[in-house]
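Structure first, commentary second.
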Amino acid sequence: MRIRNDHGRFETRAIHAGQESDPHNGAVMPPVYLTTTYEQDAPAAPREGYEYSRTTNPTRLCLEENVASLEGGEWGLCFASGMAATNALLDKLVPGDHVIGGNDLYGGTYRIFKRVFERYGIGFTLVDAADTDAVRSAMRERTRFVFVETPSNPLLRLCDVAAVAEIAHAGGALAVVDNTFATPYLQRPLELGADIVVHSMSKYLGGHSDVIAGALVGRDEALREELAFFQNSVGGCLEALSSFLVLRGIKTLPVRMDRHCANARALAEFLEAQPTVERVIYPGLASHPQHELAARQMADFGGMLSFELAGGVAAADAFAVATRIFTLAESLGGVESLVEVPTSMTHAAIPAAERRAAGLADGLVRLSVGIEHADDLIGDATRALAAANERA
Ligand SMILES: *Cc1c(COP(=O)(O)O)cnc(C)c1O
């Protein structure tokens, strides 16, 4: 059943890994196998292991081979969403087990930890993952996962993956990295020592804001079998058409990421020079407190940036409403630029005092910088800043 086609450099594998032309008719793109079941040659003798599409589907398999190749893993498993992938991972745990998580994980990850799995007797300790001593002190005898995200959202804090993996391994735990923001083009956690990579492929890997999908990638075969068992048991598998859409998106990941990074850098430098912008948070700027770690751990600095407006939440809201190219919306990673105000939107549920203590200023604006022309994006930001200044 293996179709790895795993040759060449990253850009080449993005297009070819896990895919080959159809041996019968030469179709260059993998067919979308819209089938639930497969004919068997004799009872309990499925062809090439295909029995039922919750368990295995040829289109999904192409994508699984592809993401595994890009992350430098031995296997990939694709899920109906990023959260379904995280869910399958947490299904490994039993009451009394413990997980250490970064204190600025994606909100949905925080929610599945605290509102779903904590009810089953799993313990969660959330720490500042940038502080390796804090991670080390949080380790317990039953710690099974150290789960981090780097860069994080929306403050773009980094975590030293190699250091965290070492701490996890010393305590007999697995290091899990949510690589959604960086993508394997910019950062490969398995090569840095992590055991499992989690993806929301709804973001940069899909790349066009048109598909919800998730993945787990790793190297240990026994772990794959265990996770595949949970995926098949719980059922959150990715269906064929979505698998096809993500495969298509990934083909252009390297060229898209190059433009995302270049545009984000241009905007970061522009914003840093504006008098009403108090602070720009972008790992590629020398002013980012972890710029050195970013330069060491990532190939480039990504398409996400945040900045604080002196005028507080009124100015941030005014900015977000005044943009014409940046669309006011949650999510990220598509070809189109998006703007959101964490205080008013994604992080509104966190009490104001707690939000500020976590470093989330009221006037924070987050941009998912798309691949439009940089001059148009800077022009749009210029217009929106003028509107924000009027309001403040
Ligand atoms: C969106 C996102 C998720 C959740 O993924 P879904 O595909 O929306 O379920 C997890 N982690 C990060 C960093 C995300 O941005």
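The table below gives the values:
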| quantity | calculated |
| --- | --- |
| Between the range 136-177 and the range 1-51, the alpha-carbon center distance in angstrom | 35 |
| Global form of the range 114-157, assessed from the alpha-carbon gyration tensor, a/c cut-off 1.5 | oblate |
| Solvent exposure ordering (accessible area, 1.4 Å, most first) of T323, T125 | T125, T323 |
| Mean projection area, nm², convex hull over Cα of the chain | 19.8 |
| Positive-end extreme of charge dipole, the chain - chosen from N5, F147, N25 (charges on Cβ) | F147 |
| Three-way shape call for the range 63-222 based on the alpha-carbon gyration tensor, with the a/c threshold at 1.5 | rounded |
| Sequence ranges 38-49, 167-178, ranked by mean other-Cβ count within 10 angstrom, highest first | 167-178, 38-49 |
| Cα gyration tensor shape of the range 139-274, rounded if a/c is under 1.5, else prolate or oblate by comparing a/b with b/c | oblate |
| Sequence-separation-based contact order of the range 10-250, relative, with Cα cut under 8 Å and 6+ spacing, percent | 24 |
| Accessible area per residue in Å² at 1.4 Å probe, computed on the chain | 42 |
| If the convex hull is drawn through the Cα atoms of the range 254-391, its volume per residue in Å³ | 101 |
| Charge-dipole axis of the chain as Lys and Arg at +1 and Asp and Glu at -1 on Cβ define it, positive-most pick from A173, P58, T343 | T343 |
| Qualifying lysines (Cα of each under 23 Å from Cα of K92; at least 8 residues distant if same chain) | K114 |
| Residue with peak Gaussian network fluctuation, the chain [Cα springs, cutoff 10 Å], from G235, G214, G76 | G235 |
| In sequence order, calculated HN-Hα J values of the range 21-31 (Karplus, 6.51, -1.76, 1.60; Hz; x Gly/Pro) | 4, 4, x, 8, 10, x, 3, 7, 8, x, x |
| Span from the the range 88-102 Cα centroid across to the the range 204-227 one, whole angstrom | 18 |
| Share of carbon and sulfur in the accessible heavy-atom surface of the chain [1.4 Å probe, %] | 52 |
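The values are calculated or read from the model by the stated rules, or taken from the named source; none is laboratory data. Note that this is a predicted model, so its numbers are computed, not measured. Glycine gets a Cβ as well: all are built from the backbone with ideal geometry, and neighbour counts include every protein chain shown. Accessible surface areas use protein heavy atoms only, side chains included; no ligands, DNA or RNA. Shrake-Rupley method; radii C 1.70, N 1.55, O 1.52, S 1.80 Å.
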